[in-house]
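The values are calculated or read from the model by the stated rules, or taken from the named source; none is laboratory data. All values reported here derive from a predicted model rather than from experimental measurement. Note: ideal-geometry Cβ built from the backbone for every residue, glycine included; neighbour counts use all protein chains shown.
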DNA sequence: ATGCTTGTTCGATGCTCATCAAACTTATCA
DNA sequence: TGATAAGTTTGATGAGCATCGAACAAGCAT
């Protein structure tokens, strides 16, 4: 559904952003919770609606965009609905330990 | 020199704050650089003036307070001037790997 | 077709916070 | 006793951003 949707099933992904951008993205409680739920989802794609509570759709979409642009998540389309995936491997390569330790501390 | 200065040489320290507070503290570029310089200082006390550039004294003092209240640094007085120290051990205990990996990514 | 659902975009609003200058405190030095 | 230096605090200002509702786009159902 997005205007800039690619034809195939998965968005082209941006490189993982610099540390400051990643930390800024993770410093918001709503986004931190989104990442927590993505990690709890066993690293598979999770549908949008399962990633937030208590904020409006438009706010959630804004946070998705922030996470995506920081290189933390990837967007894909399964069963016609949007899903998000934690980019564990790329993050580990670019910023070893950072996201892993944060996710661990989140339990 | 602070109004709430204890009599002895080192401030009483607050507990390490929760993950969200710590991330929020580290998400600012000025504070991130302060932490980088503290880490580069080999975990010893570093004098205030060596921890920042490009911002005013009052701004720097504000950032010091933020780091201290997040439990990331400790303030002490050596040779009559204020020093700051990275609380490596307490941070590692409260949030294993988080600050360590961030500092490592900072090199 | 018509509607319903899902997600994005836009515009507006309000709050948080980074920043500075100025005044103040304490200590050190002449 | 001044005078200077180092940090802190306060008050004000401005920018960024989290939030929402509304309008829109795309897909699926009936």
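Points worth noting:
- Single condition residue A:42 does not satisfy, out of (1) under 17 Å from residue A:105 (Cα atoms); (2) modelled with pLDDT under 95; (3) touching a strand residue (DSSP E or B) at 6+ places or on another chain (Cβ under 8 Å): (3)
- Pick from the range B:52-69, criterion surrounded by fewer than 19 Cβ atoms within 10 Å (Cβ to Cβ) and in a loop (DSSP other than H, G, I, E, B), ranking: farthest from DNA strand C (Cβ to nearest atom): B:53
- Residue within the range A:35-51 that is within 16 Å of DNA strand D (Cβ to nearest atom), within 14 Å of another protein chain (Cβ to nearest Cβ) and either touching a residue at least 60 places away in the same chain (Cβ under 8 Å) or outside any helix (DSSP H, G or I) (or both) present: yes
- Residue in the range A:56-65 that is in contact with a strand residue (DSSP E or B) (Cβ under 8 Å, 6 or more places away or on another chain), away from chain B (no Cβ under 14 Å) and either within 21 Å of residue B:24 (Cα to Cα) or within 11 Å of DNA strand D (Cβ to nearest atom) (or both) present: yes
- Qualifying residues in the range A:70-107 (those that are in a strand (DSSP E or B) and over 12 Å from residue A:39 (Cα atoms)) - the one nearest to the other protein chains (Cβ to nearest Cβ): A:74
- Which numbered condition residue B:11 fails, given (1) within 15 Å of DNA strand D (Cβ to nearest atom); (2) under 26 Å from residue A:100 (Cα atoms); (3) touching a helix residue (DSSP H, G or I) at 6+ places or on another chain (Cβ under 9 Å): (2)
- Restricting A:31, A:88, A:74 to those that are surrounded by 17 or more Cβ atoms within 10 Å (Cβ to Cβ) and under 17 Å from residue A:10 (Cα atoms) reduces the list to A:74.
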